[in-house]
Structure formats: structure tokens, C-alpha cells
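Here's the structure, in C-alpha cells; my notes come after.
The values are calculated or read from the model by the stated rules, or taken from the named source; none is laboratory data. A quick note: this is a predicted structure, and the numbers were derived from the prediction, not measured. Glycine gets a Cβ as well: all are built from the backbone with ideal geometry, and neighbour counts include every protein chain shown.
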Amino acid sequence: MALKLTTSYLEDSLTLFAYYKKLGEGALAQVPDARLFEAMDEESNSVGVIVKHMSGNMKSRWTDFLSSDGEKPWRNRDAEFDRATLTREHVLQAWNEGWACVFSAIEPLTDADLSRTITIRGEAHSVLQAIGRQLTHYAYHVGQIVMLAKHFQGPAWKKLSIPRGQSAEFNTSVQAGELTQPEPS
């Protein structure tokens, strides 16, 4: 994904949120239905559980973002880790609903909002800090989803970035203006 150079923290953040959403979708598309709720061990989470957790977090953090605590009283975080099996449709619905909350909360913000104070679990954060906190949280979980999808697919895995052993070739092509950074598919 070609990241444009800007001086807007909000634009850059939206670009990165969109990148991680698309990366996660590229991985989710490769997870067989039968493995959506398969964990690697008892202490690990499945792709489906990670998505449920991300969606719950997103809905809680970004609903009424500027006016209420980011940990909503209606959120049941522990239930997000319930290993109950859902369908792919339920998983994708949760994924899309969560991301919709993220984008609908951030898109209307202005640079003047970045220094405003919000709370998460009663702890004060600037809007800038809250965005950074959530961006890193989602990147962490998308990385888990990618790792699990890649594990489940084995040799059938379709690369979401520069294939192994092709970095120098890719860099040469980018420098020659022939390519931009890869977007996850």
C-alpha cells in the first residue's frame, strides 16, 4: 500500500486503519470455515474469537467516542473470548460492524480534536493518544489473524505482502517507479 506523505495525523491514522482492515480481510478470506474457531492451544485464541474481541473493543471504544467512556457498561469483554462457534457470516458481520464504528468516529474529527480529553476505563487520554492506542491494538490482533491464517493454509497461503526472497527485486522496481508498496489482497 502506498502511504502518501501528509502532515495530518488523522489522515495517516485513517490510512493505517484501512490498511490493517484490508490486511485482515486478506487473511480472513484464506481461513477455511472449519478452522475459523480453531485455536492452536488452550491459551490461544482462534481467528473467530480474535474478530469477536476486536469488534467488541471497536464498538465500545468508538461509539460516542468524544462524549462517553470508551469502556461501555454494555460491553461484555469476557464473552468476546467465548469459544462458541459462529458462522463465517457472523464473523464477517462483527468485523464490518466494528470497523464501521472506527471510521465513523474518526472521519469527522479535526486536528483541533486531537488534544481533547476522552476516557477509557476512567483513565484520561488525549484523542491523539486514544487513536494511537487503538491503532496498535488492532495491528497486534490483525497480525495474529494473519499468522493463524498462514499457519492453517500452509503451502496454499497466498502472500499478502512481498514474497520471501523477492525483497531486492521489489525494491528495485519501486525505485524505478514501476511499482508501489503492495496492498494486501
Self-check item: All positions within segment 77-112 that are buried (at least 17 other Cβ atoms within 10 Å of the Cβ) and within 23 Å of Leu66 (Cβ to Cβ)
Solution: Gly98, Trp99, Cys101, Val102, Ala105, Ile106, Leu109
Quiz item: Of everything in segment 69-88 that's part of a helix (DSSP H, G or I) and more than 18 Å from the chain's Cα centre (by Cα), which residue is nearest to Glu123 (Cα to Cα)?
Solution: Asp78
Exercise. State whether the residues of segment 38-59 include one that is in contact with a Cys (Cβ under 8 Å, 6 or more places away or on another chain) and either farther than 19 Å from Thr136 by Cα or of a type outside the set (Gly, Ala, Ser) (or both).
Key: yes
Quiz item: Could you list, in sequence order, the residues of segment 102-153 that are aliphatic (A, V, I, L, M), closer than 29 Å to Ala39 by Cβ, assigned to a helix (DSSP H, G or I) and touching a residue at least 12 places away in the same chain (Cβ under 8 Å)?
Solution: Val102, Leu135, Ala139, Val142, Ile145, Val146, Leu148, Ala149
Quiz item: Counting only residues that are under 23 Å from Glu107 (Cα atoms) and aliphatic (A, V, I, L, M), how many does segment 46-96 have?
Solution: 6
Self-check item: Test for Val91: is it modelled with pLDDT of 95 or more, of a type in the set (Val, Ile, Thr) and in a helix (DSSP H, G or I)
Solution: yes
Quiz item: Inside segment 7-64, can you point out the residues that are assigned to a helix (DSSP H, G or I), within 21 Å of Cys101 (Cβ to Cβ) and among the charged types (D, E, K, R)?
Solution: Glu11, Asp12, Lys21, Lys22, Glu25, Lys52, Lys59, Arg61
Practice problem: May I ask you to verify whether Glu43 is exposed (fewer than 15 other Cβ atoms within 10 Å of the Cβ), farther than 24 Å from Thr119 by Cα and at pLDDT 95 or above? | Solution: no
Practice problem: State yes or no: is Ser126 more than 15 Å from the chain's Cα centre (by Cα), among the small types (Gly, Ala, Ser) and surrounded by 14 or more Cβ atoms within 10 Å (Cβ to Cβ)? | Solution: yes
Quiz item: Is at least one residue of segment 15-29 in contact (Cβ under 8 Å) with a residue 60 or more places away in the chain and more than 15 Å from the chain's Cα centre (by Cα)?
Solution: no
Practice problem: Identify the residue in segment 53-76 that is more than 19 Å from Ile145 (Cα to Cα), polar (S, T, N, Q) and in contact with a Lys or Arg (Cβ under 9 Å, 6 or more places away or on another chain) and, among all such residues, is surrounded by the most Cβ atoms within 10 Å (Cβ to Cβ). | Solution: Ser60
